[in-house]
Amino acid sequence: MNGAKKGKQKLKIMSEAVENGEADKSKKSTIDDNQSVNSFKSSYSARSKISHLKRPNVTSAFHRQTKEEECALITPSFIKEAQKTGIIKLVARGIHSVPEKIWKIQELQVANTEDQYRFDRKQDLSWWNQTPVFHLDLSSNTISEISKDIQLLEDLVYLNLHDNCLTKLPEEIGNLSKLAKLDLSRNKIAVFPIPLCKLVELTTLNMSHNHLTHLHQNFTDLIMLEFLDLSENKINKLPRGMGFLIRLVDLNLSHNVLTSLPLDIVNLRDLTKLDISYNNLKLLPEMGELRSLEYLYANNNNLIKIPSMTGCNNLKECYFGFNEIEALHSDMYHDMRSVKILDLPNNKLEEIPEGISVMQNLIRLNLQNNSLIYLPNTLCLLPHLQTLTVDGNKFRTLRRDIIQCGTSRILKFLRERYDSDMEQLKNFKDIERKQEVVPGDSSIFPDRYSMKISRSLNIANKELSYVPDSVFEDFAQVQADTIDICKNDLTQVPNGIGLTKDTLVLLNLSANKITELPDFLSECIHLKYINLSKNLITEIPSSYSNLKQLRELNLSNNRFQEISKAIYGIERLEILNLSNNQITSIDAESLQALKNLAILDLMNNSITHVPPILGHMKQLRALELVGNSFRQPSHAVLQKGTESLLAYLRDKIPT
């Protein structure tokens, strides 16, 4: 019996073990199945991501959209976003024709809001909160035609159609009366679209990289243009009346086939950048009237000489490379005193006049690949010259190893020659310095020879409290025209300046301690530029109204409490800077006598009232009034610019 019981217990234990084993197997199988499912899910997710990344782009440049695909781009969300922001962008979408819904996108909003009067339905975008379309960008597609329905977008301000296949524009584009910026670059337009001449509010026009051969005669009606790019075309002649586009700031005519420029192009007084490179120009008109010009690109033409630049006092960079210029006239340097970069490579220059030392602001000079035999020693007198490129010439005295060592070595060589010449010249009595007992070291004053070469007297930042008359006598004898005595300790204007009245043109006495101005300065009738800023001056003598040639007067950072009456008699004054003084009022009626005044700076004074009749001075290009105590015009009006400010003031004039 005991054995039987033991056998039953053994069988029971074995059966339980079997059942437990099966359960473990089942449990293990379930775990394995779950792991397998998770592994499959993760692998499927990864494959789906990879397949998504490798999905072909149906809007690629090699796929031409069908009508259905083009219409499918205008989704409800696209329409909603356009109505909300007023901006439509279909850039690089491979479209060949513009979907019709684009032109009527504002009407689509009306059609989709049938329940707009139901109060139990919340509207996503109310009709009164919509923004009219003002920005349309269809660039980088293959559009060959623009529908006449574009006129339905009557609030359009910015239209970008560059990089398409347009050959013409519809007549109705001329009805976009608010259009200000138009980009038609990189198309196939061969005839200038006449309807564009009706866009009188257009400020920016880019038609570069087209097939234009000429411009329509009514093109000059676009009098609001500020930026004009006609580069990379085949234009051979510009229409008469280009000078009427007086607001132009940037004009690009490069890469055309122009052989001449219209004479009235010099009337573009606001022009700061002119690019006429890569044409067939042989002569340029005198450009002295382009007083705002800063950048001139005239390289890669057939020019035989550089035009007169007298009056271009803001010129910074000039590029005349790859022309046929054989000589530089000495007066050119005086016209280009402010130039920092002068580029003259690949011409036929045989000589550089010594007067180049007048260009004291020159930083980079490129004379590469000309026919120069020697360099003037006076190049070493240019204090800011950093890059001098002269390889590819036929120098006799300048060794090749010196040229290969770079700018600093060339200037050192020229300095050694210059010092050697100066030692020899000291043997001549008329070059010797006159000895006088003056405070400080008298050797800081330049000699007559240096002033003759540079046409200037430059003793800035020397801590001077006195300048002897003999220095100005030498200045007058060599007929120099520029005096710079800024950043010193002068308490009065040196009497010797009166000796220079026959030749003095530019006078800089800024950053001194001058309290009064003498009458004898009014006898310097050739003065065109006076800088008396950062002194202690309170009044200008009435005799200064005799300075009829004066164009720029800088009196900033002094102690003026009113605008001196003598200023109103300086008829040719173009720039008047009275910022950072203590002026309390503006005599607008007297200021109107200055018909040529273009820049008036009255910032940071104590002006309490701006007379509305100041708005009649429409010739002003810049009127600065920030930092005064008046309440009207508001700061927001001042920030809109001079044009808006003058218009605001004219609106305030009582009828």
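Quick notes on this structure:
- Restricting segment 324-343 to residues that are modelled with pLDDT of 85 or more and more than 23 Å from the chain's Cα centre (by Cα), the residue that is farthest from residue 482 (Cα to Cα): 324
- 3 or more residues exposed (fewer than 15 other Cβ atoms within 10 Å of the Cβ), polar (S, T, N, Q) and in contact with a strand residue (DSSP E or B) (Cβ under 7 Å, 6 or more places away or on another chain): qualifying strands (runs of 3 or more DSSP E) within segment 134-250: none
- Some residue of segment 387-410 being closer than 15 Å to residue 362 by Cβ and part of a loop (DSSP other than H, G, I, E, B): yes
- Qualifying positions in segment 71-90 - assigned to a loop (DSSP other than H, G, I, E, B) and without any contact (Cβ under 8 Å) to a residue 60 or more places away in the chain: 73, 74, 75, 90
- Residue in segment 565-580 that is aromatic (Phe, Trp, Tyr), part of a loop (DSSP other than H, G, I, E, B) and in contact with a Leu (Cβ under 8 Å, 6 or more places away or on another chain) present: no
- Subset tally (residues that are touching an Asp or Glu at 6+ places or on another chain (Cβ under 6 Å) and modelled with pLDDT under 90) for segment 597-640: 1
- Residue check for residue 540: surrounded by 14 or more Cβ atoms within 10 Å (Cβ to Cβ) and touching a helix residue (DSSP H, G or I) at 6+ places or on another chain (Cβ under 7 Å): yes
- Residues within segment 610-629 that are more than 17 Å from residue 575 (Cα to Cα) and either part of a helix (DSSP H, G or I) or touching a helix residue (DSSP H, G or I) at 6+ places or on another chain (Cβ under 6 Å) (or both), tallied: 6
- For residue 632, the conditions (1) within 28 Å of the chain's Cα centre (by Cα); (2) surrounded by fewer than 17 Cβ atoms within 10 Å (Cβ to Cβ); (3) not in a helix (DSSP H, G or I) are fulfilled apart from (1).
- Residues that are assigned to a loop (DSSP other than H, G, I, E, B) and either in contact with an Asp or Glu (Cβ under 9 Å, 6 or more places away or on another chain) or exposed (fewer than 11 other Cβ atoms within 10 Å of the Cβ) (or both), drawn from segment 376-386: 376, 383
- Yes/no for residue 543 being farther than 27 Å from residue 292 by Cα and out of contact with any Phe, Trp or Tyr (no Cβ under 6 Å at 6 or more places or on another chain): yes
The values are calculated or read from the model by the stated rules, or taken from the named source; none is laboratory data. These numbers were taken from a predicted model, which means no experiment stands behind them. Ideal geometry is used to build each Cβ from the backbone, glycine not excepted, and the neighbour counts take in all protein chains shown.
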